[in-house]
1. For the chain, modelled as a Gaussian network with Cα springs under 10 Å, which listed residue fluctuates most, VAL259, VAL159, VAL242?
2. Would you mind pulling out the separation of the Cα centroids of segment 161-213 and segment 76-100, in Å?
3. Determine which lysines satisfy two conditions relative to LYS261: a Cα distance under 16 Å, and not lying fewer than 8 residues away in the same chain.
4. Each label point is 7 Å from the Cα along the Cα-to-Cβ direction; what then is the distance between the points at SER77 and SER336, in nm?
5. Considering Cα pairs under 8 angstrom that are at least six residues apart, work out the relative contact order of the chain and quote it in whole percent.
6. Under a 1.4 Å probe, what is the accessible area of the chain per residue, stated in Å²?
7. Looking at the square roots a ≥ b ≥ c of the eigenvalues of the Cα gyration tensor of segment 159-255, which shape do they give, rounded for a/c under 1.5, prolate if a/b is larger than b/c, or oblate?
8. Take ASP39, project a point 7 Å from its Cα along the Cβ direction, then tell me which residues of segment 223-246 have their backbone nitrogen under 19 Å from it.
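The values are calculated or read from the model by the stated rules, or taken from the named source; none is laboratory data. Keep in mind that what you see is a predicted model, and the values were worked out from it rather than measured. For neighbour counting, all protein chains shown are included, and Cβ atoms are generated from backbone atoms with ideal geometry for every residue, glycine included. The accessibility values were calculated without ligands, DNA or RNA, using every heavy atom of the protein model including side chains. Shrake-Rupley method; radii C 1.70, N 1.55, O 1.52, S 1.80 Å.
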Amino acid sequence: DFMKQGHGMLVLYTLKNPSFPEYSFSSESGVMCLDFHSDHPYLLAVGFYDGNVAIYNLKKSSPQPSYKSSAKSGKHSEPVWQVKWQKDDTDSNSNFFSVSSDGRIVSWTLVKNELVHMDVIKLSADETTMQGPEGLQLQMLGSGISFDFHKKIDYLFLVGTEEGKIYKCSKSYSSQFLDVFEAHHMAVDTVSWNPFHLKVFISCSSDWTVKIWDHTIKTPLFVYDLGTAVGDVAWSPYSSTVLAAVTIDGQAHVFDLNVNKLEPLCTQLVVTRKKNKTTHVQFNPAYPIIIVGDELGLITCLKLSPNLRKMPKEKKGQEVKKGPEVEIAKLEKLLSLVRQPGSKE
């Protein structure tokens, strides 16, 4: 039960042996989120229910994290919803960011043998100063629950909040947002940049919708209503127009906008128990596999059938072009159909 938190567990599996974990660590508080370092895959950043963050080093055999925040060193006061590694800083120290319902976005840097923290942004819910007792003005905090960093523009990132807004932020301005999108009517569970197209991002929410945006335009370009709360959404790493979403009725949906702009190509029931909800979805970076996690702690691996990962056919004597440029052009072509004619793009 989410409100009655007990201990947490961090378990690492290989697909070659799904019945037994390669590593397992137990923690005093529930684990909310994790992220592998892309250059040093043995480093794992973790965010906890009690607001702490930690780094586990899989090369060390110790059951304790190598680094952990504390009340003295800037831990969050609410659950940490997402952690994300960043490129090493100028002194080549590893660093990652965390977002929490306490409205803080914090950058954590590994300096010698401690975690040094710096608040990057404090979210405050606009125009929500509440009238407190005796006319006191109480500042309401906006609470961040998801974020993503731009793939190329190092300082640019998006934050999704519990109030349904998405903020476009820069690492260099701590109190100012570059832009605010009135994105959803309920919490923005996931926000994620397209891996190919540098202007496009996606968001999903418990208000039943998945929306695709161009960050220079304030209204969404595509909106999909999946008929029930959406837990998570992910872009595929191999095609700019393929995405997967999971909904709380236990289903996974796979879209390829290049094949069908309106409907998912496939909707598959993943969990069968009535009370269970699917909560997370991720693509494997190399293989046509998605993994789906659910509320009862089960992880389901699904292989995408060939028609869900169709690549363009090679015609006789013509070589099919591949590569990021082709992927960008493919998505750009779709977006140009829905962008307002006469907009700057």
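1. Of the options given, VAL259 has the highest mean-square fluctuation.
2. First find each Cα centre; the distance between them is then 18 Å.
3. Cα-Cα hits under 16 Å: LYS211, LYS310, LYS330, LYS333.
4. 5.1 nm
5. Averaging sequence separation for qualifying contacts and normalising by length gives 7 percent for the chain.
6. Solvent-accessible surface per residue comes out at 55 Å².
7. The shape class here is oblate.
8. Inside the label zone: nothing.
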